[in-house]
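First comes the structure, then the notes that go with it.
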Amino acid sequence: MPYLSLQNLTKTFHGTPAVRELWLDVNPGERISLLGPSGCGKSTTLQLMAGILQPDQGDIFLEARSLRRVPPEKRGMALVLQKGMLFPHLSVGENVAFGLKMRGVSRVEQAERAIAMLDQVQLSGFENRSPSELSGGQAQRVAVARSLVIQPKLLLLDEPLSALDASLRSDMQELILRLQDETGVTLIIVTHDQSEAIVMSHRVALMFDGCLRQVDTPEALYQHP
Ligand code: ADP
Ligand code: ADP
């Protein structure tokens, strides 16, 4: 059984399928992108993985275990959206520590791990700031820190860089690649940007109209004869 296996997933909204009979296997430590035009079902697929949505048909297996009855917080997955959606009334440090607090980690360890994680996203000393003081790029780095601090098996990124300008975007790409390499977390990234998919992934999964069309390495997909 593959590490992560999406098997025959279908999700319909009001009679219109957003994801159709989707099969995909992912290796541990792999970086894979879901690439396709707006509305093709990428976010829906990611939300099915995260357990925010339930499929009408099909199942997802992680380490050979069906996730059908596993709630989002028990799936070992962390989801980052286009805008990180930090809690505005919590400090940066409290935002990063939030998942640890939910898991009953002691206050001392929460603070230590949050500070260490902020250091890893190059935001040392930001723990007492308010999210409202952060730039867009800084806020996204806090969102990534908040996700990785719980040491997820899978990091699910939904267009995490599309709200950033071009130079920030390439810095963030580098940062995410470095963190993925250091942690070995399996990375699934949703994007409509072909060049981002090529830079970020071992394999690219091309989606169109709810269907997975082709899955292959960037080299195989985009080499020109
Ligand atoms: P890196 O490029 O970060 O060094 P690795 O080569 O260590 O990544 O690969 C990490 C894991 O990702 C591998 O163990 C493998 O399971 C998976 N992987 C890498 N490339 C591919 C690929 N082209 N297709 C499928 N899985 C891959
Ligand atoms: P993508 O991420 O590729 O832009 P989505 O997965 O967000 O695509 O959307 C796929 C299709 O499903 C679109 O037609 C979208 O309008 C529809 N859709 C997504 N979420 C919902 C929802 N909660 N209710 C109704 N329709 C939805």
**OP:** Would you mind stating whether V92 is within 16 Å of ligand 1 (Cβ to nearest atom) and either surrounded by 16 or more Cβ atoms within 10 Å (Cβ to Cβ) or on the phi > 0 side of the Ramachandran plot (or both)?
**Re:** no
Subject >> Matching option when the condition is touching a residue at least 24 places away in the same chain (Cβ under 8 Å), within 22 Å of M49 (Cα to Cα), away from ligand 2 (no atom under 16 Å from the Cβ) and not small (G, A, S), among L161, L148, L168, L157 >> reply: L148
**OP:** State the number of residues belonging to segment 1-34 that are within 7 Å of ligand 2 (Cβ to nearest atom), at positive phi and assigned to a strand (DSSP E or B).
**Re:** 0
Original post:
Any residue in segment 60-71 that is more than 16 Å from ligand 2 (Cβ to nearest atom), touching a strand residue (DSSP E or B) at 6+ places or on another chain (Cβ under 9 Å), touching a residue at least 24 places away in the same chain (Cβ under 8 Å) and of a type in the set (F, W, Y)?
Top reply: yes
Original post:
Given Q194, Q138, Q173, Q122, which one is surrounded by fewer than 20 Cβ atoms within 10 Å (Cβ to Cβ) and at positive phi?
Top reply: Q122
**OP:** Would you please list the contacts, defined by Cβ atoms under 7 Å and residues six or more apart or on different chains, that run from a residue in segment 1-30 that is farther than 20 Å from G76 by Cα to a residue that is assigned to a loop (DSSP other than H, G, I, E, B) and open to solvent by 40 Å² or more (accessible area, probe 1.4 Å)?
**Re:** T10/D56; K11/D56; T12/D56
Original post:
Which is in a helix (DSSP H, G or I), under 24 Å from G51 (Cβ atoms), among the aliphatic types (A, V, I, L, M) and more than 16 Å from ligand 2 (Cβ to nearest atom), of V199, V142?
Top reply: V142
**OP:** Starting from residues that are near ligand 1 (Cβ under 9 Å from one of its atoms) and surrounded by 13 or more Cβ atoms within 10 Å (Cβ to Cβ), keep the ones in segment 202-217 and report whichever is nearest to L9 (Cα to Cα).
**Re:** V215
Original post:
Going by the structure shown, is S147 surrounded by fewer than 14 Cβ atoms within 10 Å (Cβ to Cβ) and among the hydroxyl-bearing types (S, T, Y)?
Top reply: no
Original post:
Restricting attention to segment 60-87, which residues are assigned to a strand (DSSP E or B), surrounded by 14 or more Cβ atoms within 10 Å (Cβ to Cβ) and more than 15 Å from the chain's Cα centre (by Cα)?
Top reply: I60, F61, L62
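Is it fair to say P37 is assigned to a loop (DSSP other than H, G, I, E, B), within 16 Å of ligand 1 (Cβ to nearest atom) and either crowded, with 17+ Cβ neighbours inside 10 Å or of a type outside the set (S, T, N, Q) (or both)?
In short, no.
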Original post:
Within segment 41-50, is even one residue buried (at least 22 other Cβ atoms within 10 Å of the Cβ), over 14 Å from the mean Cα position of the chain (by Cα) and at pLDDT 95 or above?
Top reply: yes
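The values are calculated or read from the model by the stated rules, or taken from the named source; none is laboratory data. Nothing here was measured: the structure is a model prediction, and the numbers come from that model. When we count neighbours, we look across all protein chains shown, and the Cβ atoms used for this are built from the backbone with ideal geometry, even at glycine. Side chains included, ligands, DNA and RNA excluded: accessible areas come from the protein's heavy atoms. Shrake-Rupley method; radii C 1.70, N 1.55, O 1.52, S 1.80 Å.
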